[in-house]
1. Of L43, L28, which residue is of a type in the set (A, V, I, L, M), under 22 Å from L240 (Cα atoms) and in contact with a Pro (Cβ under 9 Å, 6 or more places away or on another chain)?
2. Report yes if I133 is of a type in the set (V, I, T), surrounded by fewer than 23 Cβ atoms within 10 Å (Cβ to Cβ) and modelled with pLDDT of 95 or more, otherwise no.
3. Please indicate, with yes or no, whether at least one residue in region 1-17 is part of a loop (DSSP other than H, G, I, E, B), modelled with pLDDT under 95, in contact with a strand residue (DSSP E or B) (Cβ under 7 Å, 6 or more places away or on another chain) and exposed (fewer than 14 other Cβ atoms within 10 Å of the Cβ).
4. Just checking, does region 189-201 include any residue being free of Cβ contacts under 8 Å to residues at least 12 places away in the same chain and either surrounded by fewer than 17 Cβ atoms within 10 Å (Cβ to Cβ) or more than 13 Å from V214 (Cβ to Cβ) (or both)?
5. Would you be able to tell me the number of residues in region 205-254 that are within 18 Å of I158 (Cα to Cα), of a type in the set (D, E, K, R) and at pLDDT below 95?
6. Just one of the numbered conditions (1) in contact (Cβ under 8 Å) with a residue 40 or more places away in the chain; (2) crowded, with 18+ Cβ neighbours inside 10 Å is not true of L111; which one?
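The values are calculated or read from the model by the stated rules, or taken from the named source; none is laboratory data. Only a predicted model underlies this, so the values are computations on that prediction, with no experimental measurement involved. Cβ: placed from backbone, ideal geometry, glycine included. Neighbour counts: every protein chain shown.
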Amino acid sequence: MTISEVTGFLDQCFPRENAMDYDNVGILAGDPDRAVTACVLSLDLTAKAIDCARKSGADLIITHHPIIFGGINTLSTETYKGRLLTNLIRSGISCYACHTNLDMTDEFGNLAIASALGAEEPAHLAGTECGIIYEIKQETLSEFAEKTKKALGASGIITINNPDNKVSKVFVQGGAFDEDSIPAIVRSGADTVLSGEIKHHICVELEECGINTVIAGHSATEQIYLPKLREKLSQQFPSLNFIVNYNNEKASVI
């Protein structure tokens, strides 16, 4: 089994042409023709992810966020990217990234977050980038925030709103919130937005529109898909060992 066989399957599942123009997906380091016996799945390429790969004998790390993004000028170990890439190459480990091309896939995008939160009839919200909307039995914002923290394994939740506010219609957009989604969210009648990152002034703007904001962290809202990816890869390649690496926050769904 070679690395290119695994990454070729990933290319079929998450076509590179679906990635945003600014993105950088595919094999970013290593030899695609090298044999592979184990693989680490991680949201980011970090020292912890590389250490996990070394200890488990993994030949490939599959990440969501590309380590090479927007170009790099040096591989000097004086920089953190230089240290990581030098460590990766010296260890003989390859790295492959599937980012916005994965985000565009229902099962591994915002539907995965909604599913973890128990959404029964989540639907795409027209006018947003991958946004999902669903209704729940009314509860308080503090109750919804606590449920979100547990479901996503987040280290904490941020909101600027009154904890007694009511939540009944939720818009979900993991990672970083897209401000261009606001008009569609307002039109939808959503009373709450859940995302990984939302700028403070945007939280204020949404509050003025009568909409709560729940910030669960970029990692927590995105790495929820990792167990799903492990299951998909294990079914396709039963002879390989796939290990999920959580850097800090740990998803509750494993």
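1. Numbers: L43 fails: in contact with a Pro (Cβ under 9 Å, 6 or more places away or on another chain).
None of the others qualify; the one that does is L28.
2. Numbers: of a type in the set (V, I, T): yes; surrounded by fewer than 23 Cβ atoms within 10 Å (Cβ to Cβ): no; modelled with pLDDT of 95 or more: yes.
Criteria not met by I133.
3. There is at least one residue in region 1-17 that is part of a loop (DSSP other than H, G, I, E, B), modelled with pLDDT under 95, in contact with a strand residue (DSSP E or B) (Cβ under 7 Å, 6 or more places away or on another chain) and exposed (fewer than 14 other Cβ atoms within 10 Å of the Cβ).
4. Kept after step one, since they are free of Cβ contacts under 8 Å to residues at least 12 places away in the same chain, are these residues of region 189-201: 201.
Now drop any that are not either surrounded by fewer than 17 Cβ atoms within 10 Å (Cβ to Cβ) or more than 13 Å from V214 (Cβ to Cβ) (or both), which leaves 201.
Yes: one or more hits.
5. Adding up the residues that qualify gives 3.
6. Unmet condition: (1).
One line per residue, one yes/no per condition, for (1) without any contact (Cβ under 8 Å) to a residue 60 or more places away in the chain; (2) touching a Phe, Trp or Tyr at 6+ places or on another chain (Cβ under 6 Å); (3) more than 14 Å from C95 (Cα to Cα):
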| residue | (1), (2), (3) |
| --- | --- |
| V6 | no, no, no |
| P15 | no, no, yes |
| V25 | no, no, no |
| L28 | no, no, no |
| P32 | no, no, no |
| C39 | no, yes, no |
| L43 | no, no, no |
| D51 | yes, no, no |
| I67 | yes, no, no |
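Condition check ((1) exposed (fewer than 15 other Cβ atoms within 10 Å of the Cβ); (2) under 30 Å from N110 (Cα atoms)) across all residues:
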| site | (1), (2) |
| --- | --- |
| T63 | no, yes |
| E78 | yes, no |
| K81 | no, yes |
| N87 | no, no |
| G92 | yes, no |
